[in-house]
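First up is the structure itself, then whatever we jot down about it.
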């Protein structure tokens, strides 16, 4: 059962509503839904919120170490609370999925995602859940970095919000690792 949801993203106003911050946006949505406040934690190099959603007690984490260095923050929190990697769900953007498509998976590699790569390195495990949030691919000739760090259009923000609302309705499936309602 999931006890920790980590949203990957980059800190700073310039990254707030970018494709790369899909993980941050999701945990911020959950915290807002639960009326939970965020606490800045130097101990975990991140922002932490505790909440109750659908009868499940959850801890939410936004690493403030920048995407590619998320493992340090995640590792510190897992060790402090004596959580196993399989009790964690990491939410991240995914170029390989079409925009607004999500896939829940457990285990596996990093798929070229540097945030996941750093987490795997720091916790020495691949045995955790991932919620892949599709952001689509850049147009031909557009650099990947420019694409993922560009701001979401108002339409893109609305689609992401709709996606989050659907996920929130399936929190029990998400928290218990029941893939069917999430993956369709």
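The values are calculated or read from the model by the stated rules, or taken from the named source; none is laboratory data. Please read all numbers here as calculations on a predicted model, not as lab measurements. We place every Cβ from the backbone using ideal geometry, glycine too, and count neighbours over all the protein chains shown.
If you check 168, 145, 180, which single one turns out to be part of a helix (DSSP H, G or I), at pLDDT below 90 and over 15 Å from residue 16 (Cα atoms)?
Answer to the selection: 180.
Annotation note: of 36, 22, the sole residue that is more than 16 Å from residue 174 (Cα to Cα), assigned to a loop (DSSP other than H, G, I, E, B), in contact (Cβ under 8 Å) with a residue 12 or more places away in the chain and in contact with a strand residue (DSSP E or B) (Cβ under 6 Å, 6 or more places away or on another chain) is 36. Considering segment 111-130, and only residues there that are modelled with pLDDT of 95 or more, at negative phi and part of a loop (DSSP other than H, G, I, E, B), the residue that is surrounded by the most Cβ atoms within 10 Å (Cβ to Cβ) turns out to be 128. Scanning segment 55-72 for residues that are in a loop (DSSP other than H, G, I, E, B) and in contact with a helix residue (DSSP H, G or I) (Cβ under 6 Å, 6 or more places away or on another chain) yields one hit, 65. For residue 53, the conditions (1) at pLDDT below 95; (2) crowded, with 18+ Cβ neighbours inside 10 Å; (3) under 19 Å from residue 133 (Cα atoms) all hold with the exception of (3). For the residues 108, 75, the requirement of being at pLDDT below 95 and either part of a loop (DSSP other than H, G, I, E, B) or surrounded by 14 or more Cβ atoms within 10 Å (Cβ to Cβ) (or both) singles out 108.
Scan segment 39-54 for residues that are without any contact (Cβ under 8 Å) to a residue 40 or more places away in the chain and either in a strand (DSSP E or B) or within 15 Å of residue 175 (Cα to Cα) (or both) and the total you get is 10.
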